[in-house]
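Take a look at the structure set out below.
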Amino acid sequence: MAASLGVDVSTVSRVLNGSRDEALRAASPETADRIRAHAALVGYRPDPHATGLRTQRSGLVAVIVPRLSDGVLALLVEGIESEARKAGLAVFAMSSHDDPEDQTERVATALGRRVDGLIVADARLDTPLPTSLLRGDTPFVLANRRLPDNSAVTGDDVLGGRLVAEHLVASGRSRLAVIGGPPYASTAVDRVSGFVASVRATGLDLPDERVVDSGFDIASGRDAMQTILQNDPDVDAVFAVDDYAAIGASSVARAHGRVIGKDLAVVGYNDTPVAAELEVALSSVAHPTFELGRAALLSLSAMMTGAPPRDETMQPTLIVRDSSR
C-alpha cells in the first residue's frame, strides 16, 4: 500500500494501527484519508496479534463491574469505551456479581490475556483487591467505588448525600429516614454518611432505626421501607441511595396510604432514565457516570505511559422533581 500511495511504510502503519493522535502526527488529514480509503479498497484489516508482538502491548483494557445488567454500570462502560476508541484501545467488560472470588477470577482472566490495564469498578470495603493485581506490574485504576490507599475516579458521594439532606430540611421535612446500600460499597456508605451528618448537624433527630441497609434494587427498597415504617410510621421523608431502591420504597409507602410528594418526600440517586418518567417524577442525584468512565480511562492511559496514579472526584447534581417538592 505504501508504494501504491507514494508514502512511507511507517506512515501507513501509524495511520492504520496507531491511535487517533498518532495518526494525526503521522500524516495530514488528506493523506490519512487516502490511506484509509485505499486500505478499505484492498480489504486490509489490522492484525492486533501482530501489532502486540511488535509493540509488546495488547491494546486491551479490562473492566470489571458488579453487574453488566445494571444500567448505571453499563453507562460507565460506555464512557470508558468512548475514550478508549480515541486511544486505539479495545475494551472488554466482565461481571463479578460483587463476589470476591469472582473478582479474583476476572482479574486472573484479564492478566492472562495480557491486558495493558484494568479498570476495577467492583471494589469492596470489606475485601482487599486480589494479590495478583496489587503485586503485579499491570496498571489499574478504581472507578465509581473507592478504597483506602488506591487511586480512584469517583463521584463525590458524600456531597451527594449532603445535597439531599439540605433539600429535604429546607423543604420543611423533619422525620427523615435513609435506605442505604450494601455496607461494603463505598458509594452507599459515603452517600449515607453525607446525608446523616448533614441532617444531624441541623439538630434534627435521625435515630439509627431510621437508617436501614439495603441493596441497589427494587425488592431491597421494598423490604427496607417496610422496616422503616414499622420502626416509625410517621416518617415524612426518605432518601434512598439508588433510584431503584427508591422506586421499591415508594410502592410500599403507597400501600400504606402515603402520598408521594405530599405527606412523604422520596429522593433517589443516579438519576436513571426511569426517574423522570414515573407517575410521580422522582427527585434524584445525577451522578456523572458516563464522564466518570471517560475520566477513568484517561487516568489509566496516563498510568500506562508511566504517569503516577492520581485521584479524581466528580461533582453530583440534585435534580428536584415532584416526589420531594
Final fewest-first order of ASP190, ASP137 on the 10 Å Cβ neighbour count is ASP137, ASP190
For ARG325, other-chain or 5+-apart residues with amide H closer than 5 Å (H placed, Pro excluded) are none
For the range 176-189, Karplus-derived ³J(HN,Hα) couplings (6.51, -1.76, 1.60; θ = phi - 60°; whole Hz; x for glycine and proline) come out as 9, 9, 10, 9, x, x, x, x, 8, 9, 4, 4, 5, 4
Most packed first (mean Cβ within 10 Å per residue), the peptides 154-161, 305-312 order as 154-161, 305-312
If one builds a Gaussian network model of the chain from Cα atoms under 10 Å apart, the most fluctuating residue listed among ARG36, ARG67, ARG145 is ARG36
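How long is the gain from SER69 to ASP99 if the chain were fully straight, where each residue apart is worth 0.36 nm and the alpha carbon distance is subtracted?
Details: separation 30, 0.36 × 30 = 10.80 nm, distance 1.55 nm.
Full extension from SER69 to ASP99 adds 9.3 nm.
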Rg/Rh of the range 154-261 (Cα atoms, Kirkwood Rh), to two decimals, equals 0.93
Spelling it out for VAL285: with amide H atoms placed in the peptide plane at 1.01 Å from N, the residues 5 or more places away or on another chain with amide H under 5 Å from its amide H are GLY268, TYR269, ASN270, ASP271, ILE319
Rounded to one decimal in nm, the spacing of the 7 Å Cα→Cβ label points at ARG113 and GLU22 is 2.0
Projected area averaged over all directions for the convex hull of the alpha carbon atoms of the range 244-321, nm², comes out at 6.0
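Among THR289, THR11, what is the fewest-to-most ranking by other Cβ atoms within 10 Å?
Numbers: THR289 24, THR11 17.
Fewest-to-most ranking of THR289, THR11: THR11, THR289.
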When the charge dipole of the range 182-240 is computed with +1 at the Cβ of Lys and Arg and -1 at the Cβ of Asp and Glu, the Cα pointing farthest to the positive end, of GLY194, LEU204, SER220, is that of GLY194
Given backbone amide H placed at 1.01 Å from N, residues whose amide H is under 5 Å from that of ASP311, ignoring those fewer than 5 places away on the same chain, are ALA152
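Treat every Asp and Glu Cβ in the chain as -1 and every Lys and Arg Cβ as +1, leave all other atoms uncharged, and give the resulting dipole magnitude about the Cα centre to the nearest 20 debye.
Taking the Cα centre of the chain as origin, the dipole is about 960 debye.
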For Cα extents along the principal axes in Å, with candidates (i) 81, 45, 30; (ii) 80, 41, 30; (iii) 61, 44, 44, the value calculated from the shown model is option (ii)
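Order these peptides, 166-172, 81-87, 28-34, by their mean beta-carbon neighbour count within 10 angstrom, highest first.
Numbers: 166-172: 15.7, 81-87: 18.0, 28-34: 12.9.
Most protected by this proxy first, the peptides run 81-87, 166-172, 28-34.
Fewest to most neighbouring Cβ within 10 Å: what's the order for TYR269, TYR244?
Working: TYR269 33, TYR244 24.
Arranged by neighbour count, lowest to highest, TYR269, TYR244 become TYR244, TYR269.
By the scheme Lys and Arg +1, Asp and Glu -1, what is the net charge of all other residues having a beta-carbon under 15 Å from that of GLY293?
Numbers: positive: ARG85, LYS86, ARG145, ARG294; negative: ASP70, GLU78, GLU81, GLU83, ASP122, GLU291, GLU312.
Combined, the nearby Lys, Arg, Asp and Glu give -3.
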Scalar couplings 3J(HN,Hα) for the range 153-162 by Karplus 6.51 cos²θ - 1.76 cosθ + 1.60 (θ = phi - 60°), nearest whole Hz, x for Gly and Pro, are 10, 9, x, 7, 6, 4, 4, x, x, 5
With Cα springs under 10 Å, the Gaussian network model of the chain assigns the largest mean-square fluctuation among ASN144, ASN231, ASN270 to ASN231
Of the range 264-308, those with amide N under 18 Å from the point 7 Å along the Cα→Cβ vector of LEU204 are 264-269, 283-285
The alpha-carbon pair-distance distribution computed for the range 106-164, with 10 angstrom bins and whole-percent values, is 20, 49, 21, 9, 1
Mean separation of Cα contacts under 8 Å (at least 6 apart) over the residue count of the chain, i.e. the relative contact order in percent, is 16
Within the range 294-325, the residues whose backbone N lies under 19 Å from a label point placed 7 Å from the Cα of ARG175 along the Cα-to-Cβ direction are 324-325
For the range 131-217 (alpha-carbon point model, no solvent) the Debye-based log₁₀ I(q)/I(0) at q = 0.18, 0.20 Å⁻¹ works out to -0.80, -0.92
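All of the numbers you see were taken from the coordinates with simple rules; none came from a lab. In this text, all values refer to a predicted model and were calculated from it rather than measured experimentally. Counting neighbours? That spans all protein chains shown, and the Cβs are built from the backbone with ideal geometry, glycine included.
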